[in-house]
């Protein structure tokens, strides 16, 4: 018999083989499970930081449906713009309808370049032109927090757009004309407070998306940063928040800005309504007092905007 | 004595009946009154903040402002009678289309402003801030949905 010849043993004769098969199967199963496990094991500190950044990034305001009992970040809010109605997608880690399976690289590319993992382009209603300044560390923390959410199966409705925007490829051209990717670079000539405020206002908090007027192509007019937008989302008139004394907030003290961001109360005792009401609840009221102060410091450094051209 | 007072009281009661039975208030006046009360409310909020956040030193005034905010917060619910949706007002017609939702927010204002008054009376600083924040949520929620945006 040749049964003992090396390489020619029938499996049934080898008492160790079933164990080897079992070990292989187990290893295979672990390989399938482990990526999920490894993801779930994001350090709690990163998850907490990510939660803070998701508030500071205003993600909740658009990515939560505007109805009572809506699941936070599961998408669905309608965003009416002059270019059509967009529906914010689901950010929970559901594999079928959300961000399940996304890597930090996928998230970074989406946030900072406006490109989905499948290579398709986002519309700039998603503020990637502002988010492009977000740091690597912040992208990773945001990813850790989003992965920690309970997956919700919920698909946003299709965007309702005119024919000439229905192809996302249009955005390739739009990006060529209007978009430059790049991380935020602190200005060493300014204070740490100012730089933190600049990062929050220009990038993470994307204040300009509503407060800066847009040109005919929908790109922000950077020469009029935060000078107000007469045709904001939902047809709302968004105010000037530069240091202009009459049209802007040039008469507000630093503390008044800070209190507005925390409580939504204006210096005259009125409370903000309209879309800023949600921004305060979801974003600025959730920030640390230091971050609110940093925002105020940055805003108070802006030149007063001249009145808009008639 | 008694027979002199009673007829007078009766006369008063009779005279006041029309005012109760049929609201003789012109919608334009109701709107003016609503705006005046809301302005009074916001002025007390503004004054309250200046004292509460230490911008002025009149700590002794804080209770008066908190009491006024609570009182005016209670009045708000009767300031939106039917027929006051048109005219010189920023109040949106949606108020009268979903009265229950609207009343809930006014109820939140009433409850949170009462808490503010009580927290100030008890010199409870964290409670004051929490009540102020809750009141802000009610105010913002209502202004967001039921007040015309600036134009």
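General observations
- Shown here is the pair-distance distribution of region A:152-310: with all Cα-Cα distances grouped in 5 Å bins from zero up to the longest one, the shares run 2, 8, 14, 19, 20, 15, 11, 7, 4, 1 percent.
- Gaussian network model of chain A, springs between alpha carbon atoms under 10 Å - residue of A:50, A:205, A:182 with greatest fluctuation: A:182
- Length, then width, then depth: along the principal axes, the Cα atoms of region A:118-241 run 47, 39, 28 Å.
- Relative contact order of chain A, pairs being alpha-carbon contacts under 8 Å that are 6 or more residues apart, as %: 17 percent
- Stokes-Einstein translational diffusion, region B:74-133 - Kirkwood Rh over all Cα pairs, 1.567 mPa s, 4 °C, in µm²/s: 99 µm²/s
- Inter-chain shielding of B:41-50 (mean C-beta neighbours from other protein chains, 10 Å cut-off): 4
- Percentage, to the nearest whole number, of Cα pairs in the protein assembly as shown over 42 Å apart: 31 percent
- Over region B:25-146, the Kirkwood radius and the radius of gyration, each from Cα atoms, give a ratio Rg/Rh of 1.01.
- Peptide A:255-267 has a mean shielding of 4, counted as Cβ atoms of other protein chains within 10 Å of each residue's Cβ.
- When peptides A:248-255, A:295-302, A:160-167, B:85-92 are ranked by their average number of other Cβ atoms within 10 Å per residue, the highest-first order is A:295-302, A:248-255, B:85-92, A:160-167.
- Counts of other chain beta carbons within 10 angstrom of each beta carbon in peptide A:280-287 average 2.
- Take the Cβ atoms of residue A:191 and residue A:215, set R0 to 22 Å, and the FRET efficiency comes out at 0.10.
- Counting every C-alpha pair in region A:170-248, the share spaced more than 18 angstrom apart comes to 51%.
- Distance (nanometres) between label positions extended 7 Å along Cα→Cβ at residue A:253 and residue A:95: 5.7 nm
- Principal-axis analysis of the Cα atoms of chain A puts helix A:136-148 at an angle of about 70° to the longest axis.
Quick note: the coordinates plus some simple rules give every number you see, no bench work behind them. The shown structure was predicted, so the numbers you read here are calculated from the model rather than taken from an experiment. Glycine gets a Cβ as well: all are built from the backbone with ideal geometry, and neighbour counts include every protein chain shown.
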